[in-house]
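Structure first, then comments.
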Amino acid sequence: MTVSEKRLRQAIDTLKESGVRITPQRHAVLEYLLTSMVHPTADEIYKALESKFPNMSVATVYNNLRVLREVGLVRELTYGDASSRFDCNTTEHYHIICNECGKIVDFQYPSLHEVESLAEQVTGFNVSHHRLEIYGTCDDCKHVATAKH
Ligand SMILES: [Zn+2]
Ligand SMILES: [Zn+2]
């Protein structure tokens with residue numbers, strides 16, 4: 001069994017335990033998220049699965065993503081007015097984002113708990129979580145840029 005097959009099986013167990021019905025579409029959305037390991041928008045997921053489920057709408061994809069988020073299998077990353085991206089890596093990690101193509105890549109870094117407690121102390125907030133994003137040019141886009149010159 002590959003890592004993504006294992007993660008898919010675990011995710012399905014989580015759904016079953018939460019009493020969530022596993023429809024073929026829900027299964028496909030989950031499988032896409034787990035095997036692609038990118039951070040797609042709902043639209044990208046829709047486009048990837050369109051041919052497999054001709055009757056599926058973008059609203060169905062959103063609805064499935066909401067269910068998956070509620071059971072904690074998917075995290076939604078919001079970016080102001082731009083479409084949300086969905087992340088099925090629910091372990092603690094940070095993101096680096098390409099300025100050129102918008103690709104989001106995961107990387108591990110010790111969680112910055114100190115920042116959270118400091119923020120709490122100086123502002124009196126109850127901190128729930130934090131998001132740290134690093135920006136730059138990805139390897140693919142770097143090569144495109146050099147090829148142009
Ligand atoms: Zn890029
Ligand atoms: Zn991620």
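The values are calculated or read from the model by the stated rules, or taken from the named source; none is laboratory data. This one's a predicted model, so the numbers in the text were calculated from it and none came from an experiment. Using ideal geometry, Cβ is built from the backbone for each residue, glycine included, and neighbour counts are taken over all protein chains shown. Quick note on the areas: whole protein, heavy atoms, side chains included, nothing else; ligands and nucleic acids left out. Shrake-Rupley method; radii C 1.70, N 1.55, O 1.52, S 1.80 Å.
Key figures
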{"quantity": "Highest-MSF residue in the chain out of T60, T78, T123 [GNM, Cα springs under 10 Å]", "calculated": "T123"}
{"quantity": "Within the accessible area of the chain (1.4 Å probe), percent carbon and sulfur", "calculated": "53 percent"}
{"quantity": "DSSP-defined antiparallel bridges as percent of all bridges, region 4-149, nearest 5", "calculated": "65 percent"}
{"quantity": "Rounded accessible area per residue of the chain, 1.4 Å, Å²", "calculated": "65 Å²"}
{"quantity": "The chain: calculated mean residue ellipticity at 222 nm from DSSP helix runs of at least 4, using -39500 (n - 2.57)", "calculated": "-14500 deg cm²/dmol"}
{"quantity": "Pairs of Lys in region 8-149 closer than 29 Å at Cα, counting only those 8 or more apart or on different chains", "calculated": "7"}
{"quantity": "Charge dipole magnitude, Cβ of K and R +1, D and E -1 - the chain, Cα centre, debye nearest 20", "calculated": "540 debye"}
